[in-house]
Amino acid sequence: YNSAIREVRTKFEVLNEELSYKTSRNPIESITSRVKKPFSIAQKLRRMGKPLTVASISESLNDVAGIRVVCSFIDDIYKVAEMLAKQDDITVVAVKDYIRKPKPNGYRSYHMIVEIPVFFSEGKQIMRVEIQLRTVAMDFWASLEHQIKYKKESADRPEIVSELKSCAETIAATDARMLGIRKRIENLEKESEEESAKGQVLSSPVQRYTIE
Ligand code: 0O2
């Protein structure tokens with residue numbers, strides 16, 4: 001599972017490096033990963049009514065290898081997810097778009113389950129990896145929500161649930177505004193480049209005359 005994580009991580013790092021040259025900014029802010037702990041694996045298998053065997057882990061669990069990709073803007077998530085999905089050694093098994101359709105508690109992220117071949121000494125093995133893509137803002141909410149809610153019954157009180165959801169909506173609105181600001185700046189830059197290109201065309205006959 002660690003090897004599968006390494007393969008997928010490298011793919012995202014390569015995409016980030018290439019895109020940062022093309023766009024002069026980093027679409028990916030950070031990449032973290034984890035292999036699910038044996039205790040959590042056992043708990044999940046028991047919950048699913050599956051036997052606690054190695055075969056059962058690889059057949060029933062999609063999230064033993066998990067990688068979290070934190071992007072700068074919402075459109076970066078869809079861009080890098082699409083670029084990964086197009087790679088011919090990657091098979092997308094499932095997608096859950098909790099950005100277009102957030103969870104009732106306000107949770108937002110783009111989840112993908114992918115299969116990737118990993119080459120070991122005895123041959124090739126197809127491994128599954130769960131990828132969570134989210135913005136910095138979505139990650140901020142999910143991390144804090146996980147910390148304050150984890151195993152705490154009082155966190156299920158309706159007023160707390162609704163306050164957390166309202167925070168998620170404020171954060172989502174800010175994400176959308178930040179994307180809007182970036183796009184406006186990009187358009188202004190493009191306009192000014194076009195203007196200066198026009199200026200060069202207008203002045204070129206004079207320059208040519210001077211040179212002749
Ligand atoms: P950990 O420690 O992150 O591994 P499936 O996995 O398909 O059987 P499930 O569990 O409903 O079904 O999958 P889903 O909805 O894709 O969510 C899996 C992971 O997303 C969770 O992993 C969390 O990391 C994250 N997640 C989902 N909902 C929430 C949420 O409401 N709040 C936060 N903070 N994170 C969420 P695990 O296994 O719970 O934990």
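The values are calculated or read from the model by the stated rules, or taken from the named source; none is laboratory data. Quick caveat: nothing in here was measured; it's all calculated off a predicted structure. Note that each Cβ is placed from the backbone with ideal geometry, even for glycine, and that neighbours are counted across all protein chains shown.
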When you scan segment 105-123, how many residues do you find that are more than 13 Å from the ligand (Cβ to nearest atom) and not hydrophobic (A, V, I, L, M, F, W, C)?
5
Which condition does VAL14 not pass, out of (1) free of Cβ contacts under 8 Å to residues at least 40 places away in the same chain; (2) out of contact with any strand residue (DSSP E or B) (no Cβ under 8 Å at 6 or more places or on another chain); (3) closer than 27 Å to LYS165 by Cα; (4) more than 16 Å from the ligand (Cβ to nearest atom), if it passes all the others?
(3)
Hits in segment 38-50 - residues which are farther than 21 Å from ILE5 by Cα, of a type outside the set (S, T, N, Q) and surrounded by 12 or more Cβ atoms within 10 Å (Cβ to Cβ):
LEU45, LYS50
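Specify which of the listed residues (ILE148, ILE160) is within 14 Å of the ligand (Cβ to nearest atom), touching a helix residue (DSSP H, G or I) at 6+ places or on another chain (Cβ under 7 Å) and part of a helix (DSSP H, G or I).
Testing whether each residue is within 14 Å of the ligand (Cβ to nearest atom), touching a helix residue (DSSP H, G or I) at 6+ places or on another chain (Cβ under 7 Å) and part of a helix (DSSP H, G or I) leaves just ILE148.
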Quick one: count up the residues across segment 29-46 that are farther than 13 Å from SER58 by Cα and part of a loop (DSSP other than H, G, I, E, B).
1
Please state which one of GLU115, GLU82 is surrounded by fewer than 21 Cβ atoms within 10 Å (Cβ to Cβ), acidic (Asp, Glu), within 24 Å of GLU18 (Cα to Cα) and touching a strand residue (DSSP E or B) at 6+ places or on another chain (Cβ under 8 Å).
GLU115
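When the residues of segment 29-57 are narrowed to those that are free of Cβ contacts under 8 Å to residues at least 12 places away in the same chain and within 29 Å of ILE77 (Cα to Cα), which ends up nearest to the ligand (Cβ to nearest atom)? Spell out how you get there, then give the answer.
To start, the set of residues in segment 29-57 that are free of Cβ contacts under 8 Å to residues at least 12 places away in the same chain comprises 37-40, 42-43, 46-47, 49-56.
Retained after the next criterion (residues that are within 29 Å of ILE77 (Cα to Cα)): 37, 40.
Numbers: LYS37: 8, SER40: 7 Å.
Here the answer is SER40.
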Cβ-Cβ distance below 7 Å, separation of 6 or more or different chains: which pairs start in segment 181-194 with a residue that is touching a residue at least 12 places away in the same chain (Cβ under 8 Å) and end on one that is outside any helix (DSSP H, G or I)?
ARG182/PHE73
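Give the residue, chosen from ARG6, ARG25, ARG68, that is under 22 Å from ARG182 (Cβ atoms) and either surrounded by fewer than 16 Cβ atoms within 10 Å (Cβ to Cβ) or not small (Gly, Ala, Ser) (or both).
Details: ARG6 fails: under 22 Å from ARG182 (Cβ atoms); ARG68 fails: under 22 Å from ARG182 (Cβ atoms).
Sole residue among the options that is under 22 Å from ARG182 (Cβ atoms) and either surrounded by fewer than 16 Cβ atoms within 10 Å (Cβ to Cβ) or not small (Gly, Ala, Ser) (or both): ARG25.
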Using beta carbons and a limit of 8 Å, which pairs, at least six apart or on different chains, have the first residue in segment 105-134 and modelled with pLDDT of 95 or more and the second one among the basic types (Lys, Arg) and not in a strand (DSSP E or B)?
GLY106/LYS165; ARG134/ARG108
